[in-house]
């Protein structure tokens, strides 16, 4: 599952970009308990501290829920149960940093359930998106995790939908701080209404951003396209260092935004520019230049679901 960056400045709750930083999840089930029984969870890397949550572990709870959804779609009542379930995670996506770690876990659980359930094919891609969005709350991160590339996601009368686009940008640079920020806290800082002028300004910038990212427009166009008036300033008190870094980078002409709900900062800059702007970044940041992931989450094998 790739990391993702949502919003991208003006694309609040709608735009998302898949990034070349991946979590790997292996799920093994033993229906009869001939090889192993019970639930075991092994986590290497990010999130190791929550490996003892058992059934409350996010991937496990999503697996159980997805099994139930597929059971309901099956032609005969199954009530799928496993005597043994093993979950092995190699996590590289930082947690609670605005890089889509929860979306990656949710997609992993849903896709693993589809791969392992005898009637998993009944859960089509649209149903995967609906279920993942229902669990996550918003489609902007689960969409690029599923589809890769640049996605526009929205929710209509039929539920969540997405359009995948091929971005011209190939790399971005992210600055990840040590501190975490819960998405719920960041969202709680948003006002219930915004001025009409700010909404119109941001809508125009979001349209321009799609053009810039798909047509390879850079310089002042991309800098203007990443300007936001809906959410970043309101969330700044929860991450003042991130807000200050975005301001410094933008003053230097670098199109920079808060990644997702923060506190990671994403800059649309090539690897060759990293050193030139590094002096303005300061200490306390983990800098990564990442490829844009053109492929979304996928299952590698059959008998055990590796996603």
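The values are calculated or read from the model by the stated rules, or taken from the named source; none is laboratory data. All values reported here derive from a predicted model rather than from experimental measurement. Because the Cβ atoms are built from the backbone with ideal geometry, glycine has one as well, and the counts that use them run over all protein chains shown.
Structure data summary
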{"read-out": "Options 100, 109, 159: the member that is under 16 Å from the mean Cα position of the chain (by Cα) and on the phi > 0 side of the Ramachandran plot", "value": "100"}
{"read-out": "Condition met for residue 28 (over 27 Å from residue 150 (Cα atoms) and either in a helix (DSSP H, G or I) or at pLDDT 95 or above (or both))", "value": "no"}
{"read-out": "In segment 253-290, the residues that are assigned to a loop (DSSP other than H, G, I, E, B) and at pLDDT below 90", "value": "269, 270, 279, 280, 281, 282, 283, 284"}
{"read-out": "Residue count, segment 22-47 (criterion: over 20 Å from residue 136 (Cα atoms) and surrounded by 14 or more Cβ atoms within 10 Å (Cβ to Cβ))", "value": "11"}
{"read-out": "Of the criteria (1) part of a loop (DSSP other than H, G, I, E, B); (2) surrounded by 15 or more Cβ atoms within 10 Å (Cβ to Cβ), which one residue 191 fails", "value": "(2)"}
{"read-out": "Selected residue (criterion: surrounded by the fewest Cβ atoms within 10 Å (Cβ to Cβ)) from residues of segment 55-86 that are farther than 15 Å from residue 128 by Cα and within 23 Å of the chain's Cα centre (by Cα)", "value": "56"}
{"read-out": "Hey, residue 13 surrounded by fewer than 23 Cβ atoms within 10 Å (Cβ to Cβ), touching a helix residue (DSSP H, G or I) at 6+ places or on another chain (Cβ under 6 Å) and closer than 24 Å to residue 143 by Cβ or not", "value": "yes"}
{"read-out": "Of residues in segment 72-107 being assigned to a helix (DSSP H, G or I) and touching a residue at least 24 places away in the same chain (Cβ under 8 Å), the one nearest to residue 31 (Cα to Cα)", "value": "73"}
{"read-out": "Flag if residue 293 is in contact with a strand residue (DSSP E or B) (Cβ under 6 Å, 6 or more places away or on another chain), closer than 18 Å to residue 98 by Cα and either modelled with pLDDT of 95 or more or outside the structural domain of residue 152 (by TED's automatic domain parsing) (or both)", "value": "yes"}
{"read-out": "Filtered residues of segment 166-184 (kept if in contact with a helix residue (DSSP H, G or I) (Cβ under 7 Å, 6 or more places away or on another chain) and surrounded by 15 or more Cβ atoms within 10 Å (Cβ to Cβ))", "value": "167, 169, 171, 173, 175, 177, 181"}
{"read-out": "Residues that are crowded, with 17+ Cβ neighbours inside 10 Å and either under 18 Å from residue 192 (Cβ atoms) or under 21 Å from the mean Cα position of the chain (by Cα) (or both), drawn from segment 208-226", "value": "209, 210, 213, 226"}
